[in-house]
Amino acid sequence: MNDTMRASVLIEKGRIELETVPVPQVDRDQVLVEIAAVGVCGSDVHYFHEGRIGDFVVTAPMILGHEASGTIVAVGSEVSPDRIGERVAIEPQRACRVCEQCKHGRYNLCPFIEFYATPPIDGAFAQFQAIQADYAFPIPHSMSLEAAALCEPLSVGIWSNQKAGTGPGSRILITGAGPIGIVIAQVAKAFGATEIIVSDLAAERRAVALRFGATRVIDPLAEDVGTLGLEVDAFIDASGAAPAVRSGILAVKPAGRIVLVGMGADDVSLPVSRIQGRELILTGVFRYANTWPLAIELASSGRVDLDSLVTGRFGLSDVEGALAAAGNPATLKAIVEPGK
Ligand SMILES: NC(=O)c1ccc[n+]([C@@H]2O[C@H](COP(=O)([O-])OP(=O)(O)OC[C@H]3O[C@@H](n4cnc5c(N)ncnc54)[C@H](O)[C@@H]3O)[C@@H](O)[C@H]2O)c1
Ligand SMILES: [Zn+2]
Ligand SMILES: [Zn+2]
């Protein structure tokens, strides 16, 4: 095997170049994956345009992309060579495994977490990437490698619904119908929710929500979810918009749950007396933990449709095109295919 590969490298904010770089080193407990498909995420677009997300700043060239799948082509010394050839979905994080949070199974909250495409860790817009063997999940033959890549955003949808306590008969309000809101709606349906109310400013996104499980859609400019008497069991914000968060809270019934997934509205004033008087439970979501087995099960059994989320495909030499597409509301998921 060559020891160099092609990778799309973010040199600095606004500048991406196709370069020849060393193939990642494979640690004892890792596998090397030949990357087949990588979903483009809003965070990739953000790093490209702004060079930072909050405290994470791009100070040296790095490779973006964290929604990835591919085929195992090499293994570390502690991993069975039988795994070579497996088609896998990658969970793109590496926790320390020994801190308090890791020991409780909440490894997404590990203070030492390394995550693909979060500076300084390289992501997967490249021919190869390494991952711990137990974070490379084999997928059934019936499942496409694109769907395998999209197990990453699906995992956000699963974790959000687990936090919301979604179950048979649940009534759920979701604000924001971007790719994340759409997977949240799909998982809510798969978990048995019977009412899935989705709001979005964009008519085209409301239309998409209806195709993916929403039972009702709301235009927040025409109707205020906070005054419609929705009385939902749980409200999940996937917009990151302050007005959506504030009005969504007013739609939750007593003892219901509020799950904040959307990022961007860092400081929002909250209806505290409402949260107190109704004993609402409010939590954030930071990615996910232990979701890949269920993600693969939901996708491969057809309970969730990931393939239909794909709206465009791009080669490694056109990551900029993929990032531009991902910033367009008509796009749901742009996919980068490093092998093509
Ligand atoms: N917490 C996490 O771990 C995690 C993981 C992934 C993504 N996210 C966040 O989730 C959010 C959604 O991601 P995405 O990729 O779907 O983003 P997106 O930008 O494609 O979608 C956001 C949607 O919200 C809509 N919106 C804006 N204001 C609204 C309002 N007032 N009411 C209803 N809808 C409104 C927009 O029209 C847009 O369609 C982002 O903020 C992203 O950063 C969080
Ligand atoms: Zn993402
Ligand atoms: Zn840890």
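The values are calculated or read from the model by the stated rules, or taken from the named source; none is laboratory data. Because the structure is predicted, anything quoted here is derived from the model rather than measured. So basically every Cβ, Gly included, is an ideal-geometry build from the backbone, and we count neighbours across all protein chains shown. Keep in mind that these areas ignore ligands, DNA and RNA; they rest on the heavy atoms of the full protein, side chains included. Shrake-Rupley method; radii C 1.70, N 1.55, O 1.52, S 1.80 Å.
Taking ASP134 and the conditions (1) open to solvent by 70 Å² or more (accessible area, probe 1.4 Å); (2) in contact with a helix residue (DSSP H, G or I) (Cβ under 8 Å, 6 or more places away or on another chain); (3) outside any loop (DSSP other than H, G, I, E, B), which numbered condition does it fall short on, given that it satisfies the others?
So ASP134 meets the others, but not (2).
Which number in (1) within 25 Å of GLY240 (Cβ to Cβ); (2) open to solvent by 40 Å² or more (accessible area, probe 1.4 Å); (3) part of a strand (DSSP E or B) marks the one condition that GLU34 misses?
It fails just one condition, (1).
Out of the stretch 288-307, which residues are open to solvent by less than 70 Å² (accessible area, probe 1.4 Å) and without any contact (Cβ under 8 Å) to a residue 60 or more places away in the chain?
Passing the criteria: SER301, GLY302.
So which residues in the stretch 154-175 are within 12 Å of ligand 1 (Cβ to nearest atom) and in contact with an Asp or Glu (Cβ under 6 Å, 6 or more places away or on another chain), if there are any at all?
The answer is THR175, and nothing else.
From the list CYS151, CYS110, exactly one residue is open to solvent by less than 20 Å² (accessible area, probe 1.4 Å), within 29 Å of ALA188 (Cα to Cα) and within 15 Å of ligand 3 (Cβ to nearest atom). Which is it?
CYS110
So, of the residues in the stretch 273-287 that are open to solvent by less than 50 Å² (accessible area, probe 1.4 Å) and away from ligand 1 (no atom under 16 Å from the Cβ), which turns out to be nearest to ASP233 (Cα to Cα)?
Top of the filtered list is LEU280.
Whether any residue in the stretch 94-103 is touching a Ser or Thr at 6+ places or on another chain (Cβ under 7 Å), open to solvent by less than 70 Å² (accessible area, probe 1.4 Å) and not in a helix (DSSP H, G or I) is what I want to check.
No; the residues of the stretch 94-103 include none that is touching a Ser or Thr at 6+ places or on another chain (Cβ under 7 Å), open to solvent by less than 70 Å² (accessible area, probe 1.4 Å) and not in a helix (DSSP H, G or I).
Residues are listed down the side, and each one gets a yes or a no for (1) within 30 Å of MET143 (Cα to Cα); (2) open to solvent by 50 Å² or more (accessible area, probe 1.4 Å); (3) at pLDDT below 95:
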residue	(1), (2), (3)
MET5	yes, no, no
LEU10	no, no, no
GLU19	no, yes, no
VAL26	yes, no, no
GLN30	yes, no, no
VAL38	yes, no, no
CYS41	yes, no, no
VAL45	yes, no, no
PRO61	no, yes, no
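When the stretch 113-131 is examined, which residues are found to be surrounded by fewer than 16 Cβ atoms within 10 Å (Cβ to Cβ) and away from ligand 3 (no atom under 16 Å from the Cβ)?
The one that is surrounded by fewer than 16 Cβ atoms within 10 Å (Cβ to Cβ) and away from ligand 3 (no atom under 16 Å from the Cβ): PRO120.
Residues of the stretch 234-248 being over 21 Å from the mean Cα position of the chain (by Cα) and open to solvent by 40 Å² or more (accessible area, probe 1.4 Å), which ones?
PRO243, ARG246
Cβ-Cβ distance below 8 Å, separation of 6 or more or different chains: which pairs start in the stretch 36-51 with a residue that is over 25 Å from LEU145 (Cα atoms) and among the small types (Gly, Ala, Ser) and end on one that is outside any helix (DSSP H, G or I) and away from ligand 3 (no atom under 16 Å from the Cβ)?
GLY51/GLU12; GLY51/LYS13; GLY51/GLY14; GLY51/VAL57; GLY51/VAL58
Please specify each residue of the stretch 250-272 satisfying the condition of being away from ligand 1 (no atom under 13 Å from the Cβ) and more than 23 Å from the chain's Cα centre (by Cα).
If the condition is that a residue be away from ligand 1 (no atom under 13 Å from the Cβ) and more than 23 Å from the chain's Cα centre (by Cα), then LEU250, VAL252, LYS253, PRO254, ALA255, GLY256, SER269, LEU270, PRO271, VAL272 are the ones that fit.
Could you pull out every one of the strands (runs of 3 or more DSSP E) wholly within the stretch 170-253 that has 2 or more residues that are more than 16 Å from ligand 2 (Cβ to nearest atom), over 23 Å from ARG278 (Cα atoms) and not hydroxyl-bearing (Ser, Thr, Tyr)?
Once the strands (runs of 3 or more DSSP E) in the stretch 170-253 are filtered for at least 2 residues that are more than 16 Å from ligand 2 (Cβ to nearest atom), over 23 Å from ARG278 (Cα atoms) and not hydroxyl-bearing (Ser, Thr, Tyr), what remains is 216-218.
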